[in-house]
Amino acid sequence: MKLKTIFSTLLLVFSLSFLGIMPQFAANAATSSDARVYIINPADGEVVPETFTVQFGLSGLGIAPSGVKEDNTGHHHLFVDVSNYPDFTQPLPTTDHILHFGGGQTETQLTLTPGEHTLQLVLGNFAHIPSDDPVISKKITVYVQ
């Protein structure tokens with residue numbers, strides 16, 4: 001009987017600690033009502049060469065690399081020619097159209113084929129998951145020569 005009580009107590013402690021940890025792991029990027037992500041350069045409608053610099057802007061929150069869990073921070077993901085969003089309750093996938101900047105980068109050199117392309121930023125948490133109220137930039141269009 002004593003062994004059963006010890007086992008039950010250990011199971012209860014483990015279950016409670018597990019439940020306490022899981023919401024923290026699954027928690028999305030912290031947001032505030034004034035959080036805003038935006039593309040500094042290029043401008044919407046700008047004509048750009050095949051290789052050009054994209055600069056990311058963020059206000060109301062801070063930048064932290066992926067894997068670093070710090071309150072009120074996240075890191076950038078650049079959507080290139082994305083018309084349908086992936087599931088924002090899951091980590092953003094890495095594709096040719098969803099670029100991750102998990103090192104905390106705030107700009108990148110992008111090479112695109114000539115023609116019309118759209119760019120949009122999405123902020124993700126330490127595990128690449130957008131917040132419950134996603135912080136998403138305005139989608140801009142660039143024209144690559």
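Checking the conditions here, which among 75, 100, 117 is in contact with a Ser or Thr (Cβ under 6 Å, 6 or more places away or on another chain), of a type outside the set (Gly, Ala, Ser), free of Cβ contacts under 8 Å to residues at least 40 places away in the same chain and under 25 Å from residue 53 (Cβ atoms)? On inspection, the qualifying residue turns out to be 100. Say whether the condition of being in a loop (DSSP other than H, G, I, E, B), over 14 Å from the mean Cα position of the chain (by Cα) and aliphatic (A, V, I, L, M) is met by at least one residue in segment 28-39. No - not one qualifying residue is present in segment 28-39. Taking the criterion of being assigned to a strand (DSSP E or B) and of a type in the set (Phe, Trp, Tyr), the only residue of segment 126-145 that qualifies is 143.
Within segment 98-144, track down each residue that is within 15 Å of residue 73 (Cβ to Cβ), over 9 Å from the mean Cα position of the chain (by Cα) and β-branched (Val, Ile, Thr). 106 - this is the single residue of segment 98-144 that is within 15 Å of residue 73 (Cβ to Cβ), over 9 Å from the mean Cα position of the chain (by Cα) and β-branched (Val, Ile, Thr).
Can you say whether residue 94 is of a type in the set (Ser, Thr, Tyr), assigned to a loop (DSSP other than H, G, I, E, B) and without any contact (Cβ under 8 Å) to a residue 12 or more places away in the chain, as far as the supplied structure shows? Yes; evaluated as a whole, the condition is true for this residue. When 110, 123 are checked against the criterion of being part of a strand (DSSP E or B) and either more than 16 Å from residue 70 (Cβ to Cβ) or out of contact with any strand residue (DSSP E or B) (no Cβ under 7 Å at 6 or more places or on another chain) (or both), a single residue qualifies: 110.
Since every read-out is calculated from the coordinates, none of them should be taken as a lab result. Model, not experiment: these values are computed from the prediction. A quick note on method: Cβ atoms are made from the backbone with ideal geometry, for glycine too, and the neighbour counts reach across all protein chains shown.
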